[in-house]
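Here the structure is laid out as structure tokens; the discussion comes afterwards.
Since every read-out is calculated from the coordinates, none of them should be taken as a lab result. Worth saying up front: this structure is predicted, and the values here are computed from it rather than measured. FYI the Cβ positions are ideal-geometry reconstructions off the backbone, even for glycines, and counts take in every protein chain you see.
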């Protein structure tokens, strides 16, 4: 079945860039998403990328997709303490008629002031 | 513009009791999803509806779980004869299905604790 892997922890200094990585196994994934979850809260959709794209930029966020290696990354520029949260990568294979999201375990980002 | 809402936010119940959770999606969203999230894990898909039709169910959704969306608006998730292993955050999400990118917007979740 589909699997999504992420490193569990990342620590960066305020003002630096953060790069959160994700690998997935389903080569037929059509969309990939990044969500942010703060303690005790639901998930906030940050951005998504269609599988035929290799990059998407949205303000401080840059998503890179290497479809050949099934590798996705989220870069956060000028990381702030408010960016401290758990970040989830998720994939969807809508081409197979399934609209469920498959999530990784999440990367906990800690921003050091 | 109100987001997805869920009620209650927290529920503590004794093992063997039945519980029911409610989700109100973003208005105009015709798809509604339920996920379960345990500590240290990402959300896992349970089921989803398009309007009032339940279109997909995960193997995680045992016979003790039932979900409904009777009028294609709000949805309920019921767990019968709760077990300690049911303790988790239950998340609801909604989307407007027209064509990609099928963004799903999540509610704040209902945290269930079974004692």
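Compactness ratio for segment B:37-89: Cα radius of gyration over 2.2 N^0.38 Å (N = residue count) comes to 1.20. Dimensions of segment A:51-113 from C-alpha coordinates, computed as largest minus smallest value along each principal axis and given longest first, are 44, 22, 20 Å. Modelled spin labels at residue A:25 and residue A:52, positioned 7 Å past Cα toward Cβ, are 2.8 nm from each other.
Over the whole of A:82-89, what's the average partner chain Cβ count within 10 Å per residue? Rounded to a whole number, please.
Numbers: counts 0, 0, 0, 0, 2, 0, 3, 1.
Counting Cβ atoms of other protein chains within 10 Å of each residue's Cβ and averaging gives 1.
For the peptide B:34-45, the mean number of other protein chain Cβ atoms found within 10 angstrom of a residue's Cβ is 5. Taking only alpha carbon atoms, segment A:1-67 gives an Rg to Rh ratio of 0.96, where Rh is the Kirkwood radius.
What number, in nm² with one decimal, is the all-direction average of the projected area of the convex hull of the alpha-carbon atoms of chain B? Numbers along the way, then the final one.
Details: hull surface 28.2 nm².
For chain B, the mean projected area of the Cα convex hull comes to 7.0 nm².
The simple spin-label model puts a point 7 Å past each Cα toward its Cβ; for residue A:75 and residue B:52 those points are separated by 5.1 nm.
Expressed to the nearest 5 percent, the antiparallel share of DSSP beta bridges inside chain B is 90 percent. With Cα atoms defining each centre, segment B:1-57 and segment A:80-113 are spaced 18 Å apart in the structure. Out of all DSSP beta bridges in the protein assembly as shown, what portion is antiparallel? Express it as a percent rounded to 5. Antiparallel: roughly 90 percent of the beta bridges in the protein assembly as shown.
Please average, across the residues of B:98-108, the number of beta carbons from any other chain that are within 10 Å of each residue's own beta carbon, and give a whole number.
Numbers: counts 0, 1, 7, 11, 8, 6, 10, 4, 8, 3, 4.
The mean count of partner-chain Cβ atoms within 10 Å per residue comes to 6.
Find the Cα radius of gyration of segment B:1-69, compare it with 2.2 N^0.38 Å by division, and give the number to two decimals. Walk me through the numbers before you get to the answer.
Working: Rg = 13.1 Å, N = 69, 2.2 N^0.38 = 11.0 Å.
For segment B:1-69, the normalised Cα radius of gyration comes out at 1.19.
Stokes-Einstein diffusion for the protein assembly as shown, with the hydrodynamic radius set to the Kirkwood value over Cα pairs and evaluated at 37 °C in a medium of 0.692 mPa s, equals 181 µm²/s. Note on chain A: the C-alpha convex hull projects to 6.7 nm² when averaged across all orientations. Mind jotting down the distance between the C-alpha centroids of segment B:86-104 and segment A:39-77, whole Å? So the separation of the two Cα centres works out to 18 Å.
Ordered by the number of other Cβ atoms lying within 10 Å of each residue's own Cβ, fewest first, A:92, B:89 fall into the sequence B:89, A:92.
Once both labels are positioned 7 Å from their Cα atoms along Cα-to-Cβ, the gap between residue B:18 and residue A:61 label points is 4.0 nm.
For the residues B:42, B:99, B:85, a GNM of chain B with alpha-carbon springs under 10 Å puts the largest fluctuation on B:99.
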